[in-house]
1. Name the residues of the stretch 15-49 whose amide N is less than 20 Å from a point 7 angstrom out from the Cα of R86 along the C-beta direction?
2. Given Cα pairs under 8 Å that are at least 6 residues apart, what percent is the relative contact order of the chain?
3. Starting from the Cα of R252, move 7 Å in the Cα-to-Cβ direction to define the label point; list residues of the stretch 196-236 whose amide nitrogen is under 18 Å from there.
4. In whole Å, what three semi-axes, largest first, describe the equivalent ellipsoid of the stretch 128-207 built from its Cα gyration tensor (square root of 5 times each eigenvalue)?
5. Go ahead and run the numbers for FRET between S147 and T177, Cβ-Cβ distance against an R0 of 22 Å, rounding to 0.05.
6. Once the chain is represented by equal point scatterers at the alpha-carbon sites, with solvent omitted, what log10 I(q)/I(0) does the Debye formula produce at q = 0.07 Å⁻¹?
7. From the helices alone, meaning DSSP H stretches of at least four residues, give me the mean residue ellipticity at 222 nm for the chain, per-run term -39500 (n - 2.57), in deg cm²/dmol to the nearest 500.
8. Which of rounded, prolate, oblate describes the stretch 105-252, given a ≥ b ≥ c as roots of the alpha-carbon gyration tensor eigenvalues and a/c under 1.5 marking rounded, otherwise prolate only if a/b is larger than b/c?
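Read the figures in this text as sums done on the coordinates, not as results from a lab. If you're wondering where the values come from, they're calculated on a predicted model, not measured in any experiment. Methodologically, a virtual Cβ is constructed for each residue, glycine included, from the backbone with ideal geometry; neighbour enumeration extends over all protein chains shown.
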Amino acid sequence: MEIIVLPTARQVGAAAARIIAAVVHTAPDAVLGLATGSSPMEVYRSLRTLVEHGDLDLSRTRGFALDEYVGIPLDHPQSYAAVIAREVVGPLRMNPSLVLVPDGRDRDVARAAERYEAAIRDAGGIDVQLLGIGTNGHIGFNEPTSSFASRTRAKTLTPSTRADNARFFADADDVPTHCLTQGLGTILEARHLVLVAQGSAKAAAVATAVEGPVSSFCPASALQLHPRATVLLDEDAAAGLTLRDYYDHIQRQKDRLAIP
Ligand code: GLP
């Protein structure tokens with residue numbers, strides 16, 4: 001796992017955007033794994049600047065969202081379909097028909113999950129998967145105790161996740177109770193995982209994910225099993241790391257030797 005600590009959230013977003021842009025420059029029809037929540041917003045802001053300056057063309061790039069609430073109306077502003085359309089597809093000038101979100105409205109959630117897995121497979125898998133992390137260590141909506149072998153499926157949200165996400169809804173009771181999420185097994189098949197975290201509220205989850213034991217109790221610790229995982233943190237999110245000096249040392253060495 002490569003751990004990079006940067007001074008500000010803005011720089012975290014810019015660094016993740018550079019990784020994504022490099023992939024798309026090499027393969028304009030690359031497949032991106034897209035995340036929602038507040039963590040990736042700086043990434044999308046940086047990508048938007050590149051697109052607007054003509055330095056990046058995402059019109060042929062494909063996308064798969066990580067997750068969606070079950071039962072939320074498609075036009076609800078907090079459905080992840082709406083968030084992805086508003087925050088990602090529109091501003092980044094992506095082709096809406098090339099970007100998919102799990103269908104949380106299908107009454108047969110198992111069928112919707114299978115369709116989603118098949119679509120990812122048919123696209124040739126995900127080249128770079130952007131991830132945030134929940135305060136309880138979840139990635140996507142894989143809550144603690146999720147199997148590392150899990151595929152896209154319905155999950156019950158923990159009370160802590162519903163409380164964390166209540167800020168997006170008018171009333172805490174409006175937060176859906178269930179979701180459809182790519183599984184940890186699905187996420188681990190992406191060719192490059194890029195996790196971004198900012199702010200002190202994420203410090204404990206980040207430290208457990210990066211330096212704690214690999215455990216389904218902290219789903220983000222699954223990144224330790226991946227051959228190519230990059231963790232981009234601002235100072236506050238990195239505050240709980242024991243080996244912080246070592247990670248900085250590695251980055252300085254890389255800069256000195258110009259290792260990409
Ligand atoms: C959300 C999403 C995750 C996200 C995480 C953290 O509910 N399902 O994909 O990474 O929880 O959210 P935030 O970035 O808003 O802190």
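1. In the stretch 15-49, the label zone of R86 (backbone N under 20 Å from the point 7 Å along Cα→Cβ) covers 34-49.
2. Worked out over the chain, it gives 24 percent.
3. Counting backbone N atoms under 18 Å from the label point, the list is 235.
4. 21, 17, 11
5. So, using R0 = 22 Å, E works out to roughly 0.60.
6. Normalising to I(0) and taking log10 leaves -0.22.
7. Roughly -9500 deg cm²/dmol at 222 nm, from the helical runs in the chain.
8. Cα axes put the stretch 105-252 in the oblate bin.
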